[in-house]
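Enquirer: Mind having a look at this structure? Questions to follow.
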Amino acid sequence: MFCEYDLHSHSTASDGTLAPRELVCRAANAGVRVLALTDHDTTAGIEEAQSAAADCDLVLIPGVEISVTWNKQTVHIVGLNVDPENRALQQGLREMRAFRDWRALAIAERLEKAGISDAYEGALAHSNGTLVSRTHFARYLVEQGVVSDERKVFKHYLVNGKPGFVPGQWAELAQALAWIHGAGGVAVVAHPARYRMTRSKLRRLFREFVELQGEAIEVVSGSHSRDDYFTMARHASDFGLLASAGSDFHSPDNPWIEFGQLPLLPDSCRPLWSEWAIDTARSNILKAV
Ligand code: AMP
Ligand code: MN
Ligand code: MN
Ligand code: MN
């Protein structure tokens with residue numbers, strides 16, 4: 001038994017390696033019935049994903065993963081079932097991408113000083129040309145043989161205190177939730193166990209998130225351990241939050257995060273989708289009840 005809902009994934013519109021159509025087909029073939037495409041700070045892949053979903057009997061939830069700075073730390077908020085046409089959302093996402101463009105040049109400048117040349121062009125070549133992520137820099141450094149794998153690039157070059165790290169200010173938590181809610185979506189704290197926050201700090205995040213009418217947290221995530229599932233399930237019930245599940249799939253090169261392998265949510269959880277009425281035949285959400 002695995003979870004047929006996978007509400008977190010990435011395509012080439014951000015830092016995934018599969019085009020939206022390939023991504024949707026791969027998920028459908030693995031048995032996923034409801035997939036959310038949640039690219040970082042863009043909804044550019046949604047249209048192609050929607051059309052692919054209609055061809056392979058899969059329900060595609062239009063989503064986005066928004067970068068947020070909370071308490072000087074980067075936190076990701078997933079918006080699900082957002083209207084990609086919403087103007088305020090798109091304006092907000094454009095600002096995020098403008099920061100990314102500036103940051104990419106700044107990262108390359110710092111890497112240059114660390115002896116790595118042409119990193120901007122190299123990262124850009126790994127991207128689809130409209131959004132550059134640290135992941136694209138990681139792929140360039142692996143390709144150049146500087147480091148053997150992407151994780152090591154992050155550890156030695158791209159995180160706080162390392163030569164290619166550029167600090168910055170993403171959206172405020174309240175701002176991200178306003179964009180998501182304004183676009184008719186629901187807000188989900190992505191992979192909460194990954195932030196390495198103390199329990200009290202994490203609970204402060206959840207408290208603020210609830211005050212801002214946030215709806216859910218990811219309990220089951222491709223980057224959570226089994227212990228994390230139960231810890232997060234407990235937090236969800238303490239805060240009256242719904243539970244979500246998502247692989248955070250980026251690439252077939254990451255065999256430990258594959259489609260169709262997410263376990264079911266712990267029994268104590270109220271699944272986010274228990275509030276959805278989904279018509280698989282028509283491939284869309286009819287209503288949120
Ligand atoms: P960015 O939003 O451009 O700062 O990049 C964040 C992305 O980098 C995340 O969404 C992950 O896909 C990836 N990432 C972050 N930390 C790591 C890590 N330690 N190893 C591999 N990928 C990572
Ligand atoms: Mn990513
Ligand atoms: Mn994330
Ligand atoms: Mn993600």
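Enquirer: Restricting the search to region 69-81, which residues are buried (at least 22 other Cβ atoms within 10 Å of the Cβ) and of a type in the set (V, I, T)?
Expert: Selection gives V75, I77, V78.
Enquirer: Here's something else I'd like to know. Residues that are of a type outside the set (K, R): find the helices (runs of 4 or more DSSP H) completely inside region 84-174 holding 3 or more of those.
Expert: Numbers: elements: 87-113, 119-126, 134-143, 150-153.
Those helices (runs of 4 or more DSSP H) span 87-113, 119-126, 134-143.
Enquirer: Which of the residues that make up region 1-54 are over 15 Å from T130 (Cβ atoms), part of a loop (DSSP other than H, G, I, E, B), more than 16 Å from ligand 1 (Cβ to nearest atom) and among the hydrophobic types (A, V, I, L, M, F, W, C)?
Expert: Filtering region 1-54 for residues over 15 Å from T130 (Cβ atoms) gives 1-9, 17-18, 21-38, 49-54.
Next cut, part of a loop (DSSP other than H, G, I, E, B) only: 1-4, 7-8, 17-18, 30-33, 38.
Those still in the list that are more than 16 Å from ligand 1 (Cβ to nearest atom) too: 1-4, 30-33.
Across region 1-54, the qualifying residues are M1, F2, C3, A30, V32.
Enquirer: When region 21-45 is examined, which residues are found to be away from ligand 4 (no atom under 15 Å from the Cβ) and either touching a Leu at 6+ places or on another chain (Cβ under 6 Å) or not polar (S, T, N, Q) (or both)?
Expert: Residues of region 21-45 away from ligand 4 (no atom under 15 Å from the Cβ): 21-22, 24-26, 28-34, 44.
Hits for region 21-45 are R21, E22, V24, C25, R26, A28, A30, G31, V32, R33, V34, A44.
Enquirer: Pick out the one residue from L58, L18 that is under 21 Å from H136 (Cα atoms), away from ligand 3 (no atom under 16 Å from the Cβ) and in contact (Cβ under 8 Å) with a residue 60 or more places away in the chain.
Expert: Details: L58 fails: under 21 Å from H136 (Cα atoms).
Just one listed residue meets the conditions, L18.
Enquirer: Does at least one position in region 102-121 carry a residue that is away from ligand 3 (no atom under 16 Å from the Cβ), free of Cβ contacts under 8 Å to residues at least 60 places away in the same chain and under 30 Å from R270 (Cα atoms)?
Expert: No, region 102-121 contains no residue that is away from ligand 3 (no atom under 16 Å from the Cβ), free of Cβ contacts under 8 Å to residues at least 60 places away in the same chain and under 30 Å from R270 (Cα atoms).
Enquirer: Moving to a separate point now. Specify the residue that is nearest to ligand 2 (Cβ to nearest atom); the eligible residues are those in region 122-131 that are free of Cβ contacts under 8 Å to residues at least 60 places away in the same chain and over 16 Å from S251 (Cα atoms).
Expert: A123
Enquirer: Within region 55-62, is even one residue more than 16 Å from ligand 4 (Cβ to nearest atom), in a helix (DSSP H, G or I) and either on the phi < 0 side of the Ramachandran plot or of a type in the set (S, T, N, Q) (or both)?
Expert: Start the filter on region 55-62 by keeping residues that are more than 16 Å from ligand 4 (Cβ to nearest atom), which leaves 55-60.
Going one step further and asking which of them are in a helix (DSSP H, G or I), we end up with 55.
Okay, now just the ones that are also either on the phi < 0 side of the Ramachandran plot or of a type in the set (S, T, N, Q) (or both), so 55.
Scanning region 55-62 turns up at least one residue that is more than 16 Å from ligand 4 (Cβ to nearest atom), in a helix (DSSP H, G or I) and either on the phi < 0 side of the Ramachandran plot or of a type in the set (S, T, N, Q) (or both).
Enquirer: Now a separate question. Is it true that I66 is away from ligand 3 (no atom under 14 Å from the Cβ), of a type outside the set (F, W, Y), closer than 24 Å to S221 by Cα and under 15 Å from the mean Cα position of the chain (by Cα)? Outline the logic, then answer.
Expert: Details: away from ligand 3 (no atom under 14 Å from the Cβ): no; of a type outside the set (F, W, Y): yes; closer than 24 Å to S221 by Cα: yes; under 15 Å from the mean Cα position of the chain (by Cα): yes.
Against the criterion (away from ligand 3 (no atom under 14 Å from the Cβ), of a type outside the set (F, W, Y), closer than 24 Å to S221 by Cα and under 15 Å from the mean Cα position of the chain (by Cα)), I66 does not qualify.
Enquirer: A further question follows. If a residue has to be touching a His at 6+ places or on another chain (Cβ under 7 Å) and away from ligand 1 (no atom under 16 Å from the Cβ) to count, how many in region 233-252 make the cut?
Expert: Number satisfying all stated conditions: 0.
Enquirer: Here's another thing I want to ask about it. Output the qualifying pairs, or none if there are none: Cβ atoms under 6 angstrom, residues six or more apart or on different chains, first residue in region 144-160 and in contact (Cβ under 8 Å) with a residue 12 or more places away in the chain and within 13 Å of L111 (Cα to Cα), second residue surrounded by 15 or more Cβ atoms within 10 Å (Cβ to Cβ) and small (G, A, S).
Expert: Close Cβ pairs satisfying both conditions: V153/A138; Y157/G164; L158/G164.
Enquirer: In addition: Any chance you could count how many residues in region 1-20 are of a type in the set (S, T, N, Q) and away from ligand 4 (no atom under 13 Å from the Cβ)? Let's see the steps before the verdict.
Expert: Step one: filter region 1-20 for residues of a type in the set (S, T, N, Q), giving 9, 11-12, 14, 17.
Add one more test, that the residue is away from ligand 4 (no atom under 13 Å from the Cβ), and what stays is 12, 17.
Of the residues in that region, 2 qualify.
Enquirer: Among the residues of region 4-22, what is the count of those that are surrounded by 22 or more Cβ atoms within 10 Å (Cβ to Cβ) and away from ligand 2 (no atom under 13 Å from the Cβ)?
Expert: 4
Enquirer: Let me spell it out: the conditions are (1) more than 16 Å from the chain's Cα centre (by Cα); (2) at pLDDT 95 or above; (3) closer than 28 Å to T198 by Cβ, and A245 meets all of them except one. Which number is the exception?
Expert: Among (1) more than 16 Å from the chain's Cα centre (by Cα); (2) at pLDDT 95 or above; (3) closer than 28 Å to T198 by Cβ, A245 violates only (1).
Enquirer: State all residues of region 214-260 that are in a helix (DSSP H, G or I), of a type in the set (A, V, I, L, M) and farther than 19 Å from M1 by Cβ; if no residue qualifies, say none. Full working, then the answer.
Expert: If we filter region 214-260 for residues that are in a helix (DSSP H, G or I), which is where we start, we get 226-239.
Checking which are of a type in the set (A, V, I, L, M) leaves us with 232-233, 236.
The answer is M232, A236.
Enquirer: Something else now. From the residues in region 189-203 that are touching a residue at least 40 places away in the same chain (Cβ under 8 Å) and assigned to a helix (DSSP H, G or I), which one is farthest from ligand 4 (Cβ to nearest atom)? Walk me through how you get there before you give the answer.
Expert: Start the filter on region 189-203 by keeping residues that are touching a residue at least 40 places away in the same chain (Cβ under 8 Å), which leaves 189-192, 195, 197, 201.
Add one more test, that the residue is assigned to a helix (DSSP H, G or I), and what stays is 192, 195, 201.
On the way: P192: 13, Y195: 13, K201: 21 Å.
The selected residue is K201.
The values are calculated or read from the model by the stated rules, or taken from the named source; none is laboratory data. Quick caveat: nothing in here was measured; it's all calculated off a predicted structure. No Cβ is skipped: glycine too gets one built from the backbone with ideal geometry, and neighbour counts run over all protein chains shown.
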